[in-house]
Structure formats: structure tokens, C-alpha cells
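Visitor: I have a structure here, written as C-alpha cells, and I will follow up with some questions on it.
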Amino acid sequence: MQEFDVVVVGGGASGLRAAIAAKRAGASVALLSKSHPLRSNSAIAQGGINAPLGKDDSAENFANDIMAAGDGLCERAVVQSLVQDATKEVLWLERMGVPFNRDKDGRIDRRPFGSNSHNRSCYADDRTGHMVLTVLHEQFQRLGIPSFEEWFVTSLAVDGEACVGVTALGLKSGKLDAFAARAVILATGGFTRMYAPSTVSVGTTGDGQALAFQSGARLMDMEMVQFHPTVFPKGQGLLITEAALASGAQIVNQQGAPVQIDKSSPRGKLSLAISDAIQSGDGLFLDLKPIGKEKILSSFPQTNELVKSVAGLDSTKDLIPIRPVAHRPMGGIETNASGATAIAGLFAVGECAANGLNGAGRLAGNTLTEAVVFGKKVGEAAAAYAKSSAKKNFPTAKVADEEKRLGALTSGNSAEDSLAKVHAELGRLMNEKVGLVRDAGGLQEALSGIKSLQERHQKIKVRNAGRIYNYELTTHFEVGSMLTLAEVVACSAQARSESRGAHNRKDCPTTDNVNWKSHTITKLAQGSAQIDKKPVAN
Amino acid sequence: MQVTFKVYRKDPEKDGKPGRSNYTVDVPDGVTVLESLFKIRDEMDSSLAFRCSCLRGHCGDCMVRVNGSSRLTCTAKVSAYTQKGPEISLDPLRNVPVIKDLVFDWDAFMWNKISTVKPWLEADDATANGESIAADAQMKDLRKVMSCYQCGMCDEGCTVLPVDFKFLGPAALTKAYRFIFDPRNQHAKEQLKTVEGPKGIWDCVHCYEADEHCPRGIEPTKRIVALRDEAYRVGISNEKVARHHKSFAASVKESGWVDEGRLAIESEGLTNVSGLMKLLPTAAKAMVRGKAPLPYMHAKRPGAEQIKKIIEKGEAENK
């Protein structure tokens, strides 16, 4: 067994920032990640990181834009907390080495992005996430924080009311081990791999949310799943940054004629408009040519490269087919502004958490800002908690229990069924019935479909009895997590009988501020998801 | 389309011996190698191990050899590799310790080497005075280098690593460039010393394979050459290859042509007794064959003065 003050689960931007902050606050820290941190989903963020730099912008303007995108469900205190610290965090990243694009005075340049009312998105070409992640990982290494890479967390150890660590499987060693901690920070990312297609990496499967939920934490606003408006939808789906739209790209029909759509709407509305236009026509395309070849190659080099390698198209010449595709959730583990969950000693941050910042819709360019601003706050809060809390014992039988559970999974035969089939059916179901537009009937069908997939998943055994790099085993856990959360997403969507932000109910098309200016809260009661409401604080 | 994938196999929990499994699968047009691997794992052999993460060319995790050439499986289309017949071989990268099947040891291959260069910026992190002011051209160069997604293709193509696995390799040296040429960095000199030491920049044979292999056009060889120039510029150049270069330039400057005897001695280092002893058999052979007549003289070439002027002009321009 290993022992630390703070264990961070997840090596993306939030997790790395939290680990750095906790270490600098004096805690002993370890980071566990199921893939190498530099392979995490943060690397796919492209367009920018928001901060109200410059004389024309202000924290107040920024807050107003966040609240508008959040469509009534943002927690004002949390929004204030972000806008006050965003500039400091972006400047810190700059000083630590992010090679932001510069304006003519050598200051950080900012570009228009999504529904930001000001040029606020600081960027490093169209690889902002990659650069931010790289620099965070560099600073993480600088502090010598132990990094357990390719360790898959299988359970949270909750002793009574408090979280006292995790158990994890080392993919390389094939061994299960216990990581005792005074505080655990979940930074495991989103869950939209439950949709097919989606914009996310293979591991974006909601592991942390599912573990927290099953251990008694509450999930918030899980029905709020953002669809990205401009995604090449074939194969695995390839996101084209909205920053391209703000830089002059056009949404056009097959003949290349521009379609009347307000490009600066919040993502939810833009996705809906694009989806409506696709349904009434022959499909829509993104035309990058108006940006100009030179600027495409200089400001969007990765887009150009990936459009070629993934879609087989030339972004300086061809029209790129697009449609809205599941992107990032706003919902997640309910936390306060310091990342504390309903379980003592358990914190959550970034895309796996819901602290009320994003409400019903996330402002474009805020994912990375949220990751670093709250990564720092939550890392510090967890370190302070670890310092003040009494040491609790890690339950001795926990590792043996997990061994038994893994053993049971890898014994027996599941005949014709497979994890891939269950996952594929889930993806289709979520996309069709719990997608951009939902209705009561479809959600009911989705719920019964998810239930039957859960039953099938329960019966599936892992055929590969090995332990070293047994991806069938980890996939079994991941599909299980997605099925747990899919039920919560569908239940929450069914409960919210209105349309707001990313949640569009065909059968309840209006926003109902009398009954629904509230978060949905889901907890596990007697083995099933139970939905409550929590009014927005302001 | 029916395609047979001939996949390298190794199971550390069984006999640990390398082998190969053949899987014939029906795949649709436009399918990628990665999607085919998933199909094999899901439908035919759940024990098959391979890495992947982003699924669409962002992250570099899924690098393997497809028909002998290193490729990201997530962007490699099956149809591009079946033109000579419906067979595709899949292997781990060359010269890398393999753990299981296509999963190799990234730590030994690359991460540990990158760690050697202390891969971080040391800078003043006080943000009260705003950002550091920098020209975009300077940042643009860093953005190009930092677009590296650590796919390892440069190290895979390197012609030194198969001979000397301890060589830091183009990936780690390119990472070092990112720090050494960052104006915000305060420990660049220390990092330069590290890469200038044994197994660093002087061991590169500039075969340009790394540049040929890099899918992002980062040109690692060019970066290594820039690091060598920087080492000269700041006066850190104590390694054997650096001594070799210095001696070469000095003798050409003085006599118009290279003095091989002096080159050998100065390259080894005048205080390196054991190194100098090793030269003796070569010197003896050279004498026997009449290549170094005694007494050893290295005469100036006609036109040596003009050559000297050319070199001095170049030196003045560099300053």
C-alpha cells in the first residue's frame, strides 16, 4: 500500500493543475492516470483559453457572457470566482511557457470565439489544449510528483462517511494496489464516449463520476450535454474548432451558398440551428476558404493536418461536411467552489465535476480556464483538508475484495455478447433518444434500453484471464461506468420538463423559470437513481 | 474487403516469447488500422493488447509499425496498405523493449530520456506585472517545436539508436530545444550542458532520418544542429565531437587543409592518456603504410592564406 496526503485521479489539465497546487501547498501528492497524462482528452481542446485581458474587456463582461451561455443555471458566486482568477492563471501559464500567439506589441493575442462578447480567447494556434497540457505536465515534473501512469482506478475506499483512498490496477504490472490518502481529487474528465459519434478520446468514459455516484456522492445537471456544432461526423468524428467560424469560415449548403445562421450564438443554440437546417436540406458544410489559405495554414495548422489525415479533404479547397456531435458535459459530480463533494475527503474538478460554473451551457473557450482556475483552487482545498483531518485507516480487506471482484469478472463465458456490441448500442441509443433534441417517449425508450444493456453488461465476462495490459478488463469497467451514467443522464433529462441551454425537449419547448430554475441532483437510493431539484442560489 | 492482419504477439504472463497471430477480418472501405484492431479484439481475440487514446491523430499514443513503417493506427487507412495484397503486418516500434503484443515500453523508449533534460521551464511566476513580452516570431518557432505530440517516430527513424540505445535521441533533444530557446527560461544553460554531455547532441550523425519521419514537420535534426551552434556560442563544447570540430576548423584555418594527426590527438583530448594510447596502433599502422612519414610534418597548402581569410570572414559574420 502507498500513502499520500492527496491522491489525484486523472492526468488531464485539471488533474495536473490540482496536483501542482496541492504539492505547492505542502502536501505529499501522487497522480494516477489510466493513460499517460500527455495522451489525455485535454489535448484535443483547440480554440482557446478565456481570460478578460486587455483594456476593453472586464471580469464583469466575462461573467455576463458565462451567465448568458449557462441559460439561468449558473451559480453566480462560482462564476465570480472564475472570472476573478482567470487572468492570473492564464498569465501564470504564459510565464511557465505556453507559447501563446502574440499581438503586434508582443502581448498575448486574443481572438473571437463562440458567444464571447469580446476578443477573449488566448490561443496557441489551434493547439491550445495541447500546449496548456504540455506546460502543466512540465511543471508537474518539475515538482517531482510521483506519477502512476497507466494505473486504472477500480474503486474508491470510503470508510464510514469519508473517502480514504483508492484501489488501482497497474496495467504494466498487472497488480492491484491500495493508495491511501487523506484527500482524493477526482479529475477524470467527461463521459461523452457514451455517445456515438462523439468528439472525445477513447477513455472519456465517466469513470470518476460513476465511482463517486456509487459511493454516495451526488451528480448534478447530468442532462446538460453540450453538442459541438461543427464536427466532421464520419468515423470517430473530427471536431473543427468554432474559432474557425469567428475567423471567417462559413456554414454553407452543398452548392457552397452560405446558410443564414447566427455564428456567434451560444453552442447550444448554434448546434440546434445547424441540426434544424440539416434536417430540412441535404446536409451542411463548413467552408474554411474565406479565412484565406495563408491564415488557415498559419493559425489552424492542426485543423488542416487532421482534416487531411482523418477526413481525406483539403481544408483550403474542399467543403467539409458537418453536424453537431456530443462534445462535453456540463453536469458531473456536485461540488462547491472548492471542489468538495457530499463525501468528506472526496473532491472533484474539471469536466467530471459540476460546481455550477457552466449551468446549462458552457461558454466556448472556458473548458481550459475552468480546468486551471479550479484545478488550483481544488488542489489547495484538498491539501488544506488533508492537513486538518485526522488520519483514517484504509480498510484492510479492500484490496482482497477487489481481487475477488476482478477474479469473478474473468471467470466464465459470456457466449455471443460482447462489450463492443453493448457499447455500440448504447452510443446509438444515446445519440438518437438522449441527443440534441429529446422527448418524453424517446427518453422512456432510452431508459428501458439502457436497463437491458445494463443487464447484458452484468452477464458479460472478461474472456482474457491475463492481468498485464488487459484492455478487455478495463473496457468492462468503462462500459459499466457509462451505463451507470447514461441512466442518470436519461433520468435527469426526463425529469427536466422544459427546454434550456443544451437540453432541448421537443415536447416541452419553452423555458420554465417558475419550476425549473433549478439544478437536477441525482443520488443513488436503494440501487436506483433518485432525482431531486436544487434551486440556483442567485 | 477481407484483410489478413499479421500481428506481433508476446505474452509476459505466458512464455514471453515473440510470435505472430494472423487474423482475417472483413472491414468496410475507409476503415482505419485502429478500427480493425478494435474489431479483432472485440470479435476474435480479446487478449490482443494495443494502445490508443484520442482516436484521431491528436495524441501520438497508438504508434506501431504498419507494413514495416511507423504510423499512427488511428489515421492509417487500411486501403493505403493493401495495394500489393490483402495483408498487413503490425509490429511494435524497432529497438524498443516490448511488454505485451503491440504495447512497448514508452518509458525506456522515450519518457525517461526526456526526463534527463529536466523538461520544464524555470521562470519567475509572479504574474503581477502581466505577461512576458515576446515577439510572435519567437513564439511561433516554439509553437512549431511544441506541436510535438511525442509519437516517437523520430526516435524510431534514428540511425544512432539501433547502435547505441543510450543516445538521448531526437525526441528528447527536440524537447530540450524548446526550453533552451525559450526567452523566459532561467535554467537553459544547465539544460544545454546536459544535452551537450555524453549521449547528447554530438552523437547525432545528422542523417536527417528524424526530419523525414516527423509527421509534424518539426525537423528535429535542424533543432539538434541549432543546439550545437548554441553550445559553441555560449562556450560549452567540451565533448569529443566538439573538440573534433574545433580541431578540424583550426587546422584548416592554419594550413588550408586538415591535419589528421593533430585532429586525432586533439579529438581525444591532450589530457586523455588512455584515449591517446588507443591511437598508437593506428599511428603505427599509418607509419608502416607510409601515410605518416617521419618526421611528421603538416605543410601549409598553396592558397592557405586565402582559406584563412574566408574562415575569418565567416567568423566575423557570425559574431
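The values are calculated or read from the model by the stated rules, or taken from the named source; none is laboratory data. Since the model is a prediction, treat every value here as computed from it, not as a measurement. Every residue, glycine among them, receives a Cβ derived from its backbone with ideal geometry; neighbour counts consider all protein chains shown.
Visitor: If you take the residues in the stretch A:471-523 that are without any contact (Cβ under 8 Å) to a residue 24 or more places away in the chain and among the acidic types (Asp, Glu), which one is farthest from the other protein chains (Cβ to nearest Cβ)?
Guide: Among those residues, the one meeting the criterion is A:Asp512.
Visitor: For the stretch B:1-116, list the strands (runs of 3 or more DSSP E) that sit wholly inside it and hold at least 2 residues that are among the β-branched types (Val, Ile, Thr); which are they?
Guide: Passing ranges, in order: B:2-9, B:19-26, B:63-66, B:98-100.
Visitor: Taking the criterion of being surrounded by 23 or more Cβ atoms within 10 Å (Cβ to Cβ) and assigned to a loop (DSSP other than H, G, I, E, B), would at least one residue in the stretch A:505-515 satisfy it?
Guide: no
Visitor: Restricting the stretch B:131-148 to residues that are of a type in the set (Lys, Arg) and closer than 20 Å to A:His137 by Cβ, which is nearest to the other protein chains (Cβ to nearest Cβ)?
Guide: Step by step, filter the stretch B:131-148, then rank; the result is B:Arg143.
Visitor: Which residue out of B:Leu270, B:Leu294 is loosely packed, with under 11 Cβ neighbours inside 10 Å, among the aliphatic types (A, V, I, L, M), over 30 Å from B:Ala171 (Cβ atoms) and touching a Leu at 6+ places or on another chain (Cβ under 9 Å)?
Guide: After applying the criteria, what remains is B:Leu270.
Visitor: Next question, about the same structure. Report yes if A:Leu363 is more than 30 Å from A:Phe179 (Cα to Cα), without any contact (Cβ under 8 Å) to a residue 40 or more places away in the chain and not basic (Lys, Arg), otherwise no.
Guide: no
Visitor: In the stretch A:416-439, which residue that is of a type in the set (Gly, Ala, Ser) and in a helix (DSSP H, G or I) is surrounded by the fewest Cβ atoms within 10 Å (Cβ to Cβ)?
Guide: A:Ala424
Visitor: Further question: Quick one: which residue in B:Gly152, B:Gly157 is in contact with a Ser or Thr (Cβ under 8 Å, 6 or more places away or on another chain), within 14 Å of chain A (Cβ to nearest Cβ) and either under 29 Å from A:Arg110 (Cα atoms) or crowded, with 18+ Cβ neighbours inside 10 Å (or both)?
Guide: Among B:Gly152, B:Gly157, only B:Gly152 is in contact with a Ser or Thr (Cβ under 8 Å, 6 or more places away or on another chain), within 14 Å of chain A (Cβ to nearest Cβ) and either under 29 Å from A:Arg110 (Cα atoms) or crowded, with 18+ Cβ neighbours inside 10 Å (or both).
Visitor: When you scan the stretch A:147-161, do you find a residue that is part of a loop (DSSP other than H, G, I, E, B), under 30 Å from B:Val103 (Cβ atoms) and either in contact with a helix residue (DSSP H, G or I) (Cβ under 6 Å, 6 or more places away or on another chain) or outside the structural domain of A:Ser265 (by TED's automatic domain parsing) (or both), even just one?
Guide: For the stretch A:147-161, residues part of a loop (DSSP other than H, G, I, E, B), under 30 Å from B:Val103 (Cβ atoms) and either in contact with a helix residue (DSSP H, G or I) (Cβ under 6 Å, 6 or more places away or on another chain) or outside the structural domain of A:Ser265 (by TED's automatic domain parsing) (or both): present.
Visitor: Would you check which residues across the stretch B:200-212 are at pLDDT 95 or above and surrounded by fewer than 22 Cβ atoms within 10 Å (Cβ to Cβ) and list them?
Guide: B:Cys207, B:Tyr208, B:Glu209, B:Asp211, B:Glu212, listed by residue number.
Visitor: Please go through (1) hydroxyl-bearing (Ser, Thr, Tyr); (2) within 23 Å of A:Asp276 (Cβ to Cβ); (3) surrounded by fewer than 23 Cβ atoms within 10 Å (Cβ to Cβ) for A:Ser452 and return the number of the only condition it doesn't satisfy.
Guide: It is condition (2) that A:Ser452 fails.
Visitor: While we're here: Tell me which helices (runs of 4 or more DSSP H) are completely within the stretch B:174-279 and hold 3 or more residues being of a type in the set (Ser, Thr, Tyr) and more than 14 Å from every other protein chain (Cβ to nearest Cβ), or say none if there are none.
Guide: Filter on the stretch B:174-279 gives B:240-255.
Visitor: Next up: Among the residues of the stretch A:339-382, which ones are among the hydrophobic types (A, V, I, L, M, F, W, C), closer than 25 Å to A:Ser117 by Cβ and in a loop (DSSP other than H, G, I, E, B)?
Guide: A:Leu357, A:Ala360, A:Leu363, A:Ala364
Visitor: Which one is farthest from A:Glu89 (Cα to Cα) among residues in the stretch B:131-157 that are free of Cβ contacts under 8 Å to residues at least 60 places away in the same chain and of a type in the set (Lys, Arg)?
Guide: B:Lys140
Visitor: Here's another thing I want to ask about it. Can you tell me which residue among A:Asp57, A:Asp65, A:Asp71 is charged (D, E, K, R), modelled with pLDDT of 95 or more and at positive phi?
Guide: A:Asp71
Visitor: Let me ask something additional. Quick one: how many residues across the stretch B:39-58 are over 32 Å from the mean Cα position of the chain (by Cα), within 7 Å of chain A (Cβ to nearest Cβ) and not charged (D, E, K, R)?
Guide: Going through the stretch B:39-58 one residue at a time, the tally reaches 2.
Visitor: Go through (1) over 17 Å from A:Ser215 (Cβ atoms); (2) more than 26 Å from the chain's Cα centre (by Cα) for A:Val399 and report which single condition fails.
Guide: Condition not satisfied by A:Val399: (1).
Visitor: I'd like to check something: does the stretch A:57-65 contain any residue that is of a type in the set (D, E, K, R), touching a Cys at 6+ places or on another chain (Cβ under 6 Å) and either surrounded by 24 or more Cβ atoms within 10 Å (Cβ to Cβ) or outside the structural domain of A:Leu211 (by TED's automatic domain parsing) (or both)?
Guide: no
Visitor: Given the criteria modelled with pLDDT of 95 or more, surrounded by fewer than 24 Cβ atoms within 10 Å (Cβ to Cβ) and of a type in the set (Gly, Ala, Ser), does A:Ala77 qualify?
Guide: Here the answer is yes, as A:Ala77 does meet what is asked.
Visitor: Turning to a different aspect of this structure: With respect to B:Ser36, determine if the residue is more than 10 Å from chain A (Cβ to nearest Cβ), under 24 Å from the mean Cα position of the chain (by Cα), surrounded by 18 or more Cβ atoms within 10 Å (Cβ to Cβ) and of a type in the set (Gly, Ala, Ser).
Guide: Answer is no for this residue.
Each row is one residue, and each column tells you yes or no for (1) touching a Leu at 6+ places or on another chain (Cβ under 8 Å); (2) free of Cβ contacts under 8 Å to residues at least 60 places away in the same chain; (3) surrounded by fewer than 16 Cβ atoms within 10 Å (Cβ to Cβ).
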{"residue": "B:Glu230", "(1), (2), (3)": "yes, yes, no"}
{"residue": "B:Val234", "(1), (2), (3)": "yes, yes, yes"}
{"residue": "B:Ser237", "(1), (2), (3)": "no, yes, no"}
{"residue": "B:His244", "(1), (2), (3)": "yes, yes, no"}
{"residue": "B:Ala249", "(1), (2), (3)": "no, no, yes"}
{"residue": "B:Val252", "(1), (2), (3)": "no, yes, no"}
{"residue": "B:Trp257", "(1), (2), (3)": "no, yes, yes"}
{"residue": "B:Pro281", "(1), (2), (3)": "no, yes, yes"}
{"residue": "B:Arg289", "(1), (2), (3)": "no, yes, yes"}
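Visitor: Quick check on my filter: what residues within the stretch A:92-134 are buried (at least 23 other Cβ atoms within 10 Å of the Cβ), without any contact (Cβ under 8 Å) to a residue 40 or more places away in the chain and farther than 23 Å from A:Ile296 by Cβ?
Guide: Passing the criteria: only A:Glu94.
Visitor: Within the bounds of the stretch A:141-160, is there any residue that is buried (at least 20 other Cβ atoms within 10 Å of the Cβ) and out of contact with any strand residue (DSSP E or B) (no Cβ under 8 Å at 6 or more places or on another chain)?
Guide: No, there is no match, as no residue in the stretch A:141-160 is buried (at least 20 other Cβ atoms within 10 Å of the Cβ) and out of contact with any strand residue (DSSP E or B) (no Cβ under 8 Å at 6 or more places or on another chain).
Visitor: Out of the residues in the stretch A:77-98 that are of a type in the set (S, T, N, Q) and out of contact with any Lys or Arg (no Cβ under 8 Å at 6 or more places or on another chain), which is nearest to the other protein chains (Cβ to nearest Cβ)?
Guide: A:Thr87
Visitor: While we're here: Of everything in the stretch B:116-130 that's touching a residue at least 24 places away in the same chain (Cβ under 8 Å) and facing chain A (nearest Cβ under 7 Å), which residue is surrounded by the most Cβ atoms within 10 Å (Cβ to Cβ)?
Guide: My answer is B:Leu121.
Visitor: Every residue in the stretch A:383-415 that is crowded, with 16+ Cβ neighbours inside 10 Å, basic (Lys, Arg) and outside any helix (DSSP H, G or I), please.
Guide: Scanning the stretch A:383-415 gives a single hit, A:Lys392.
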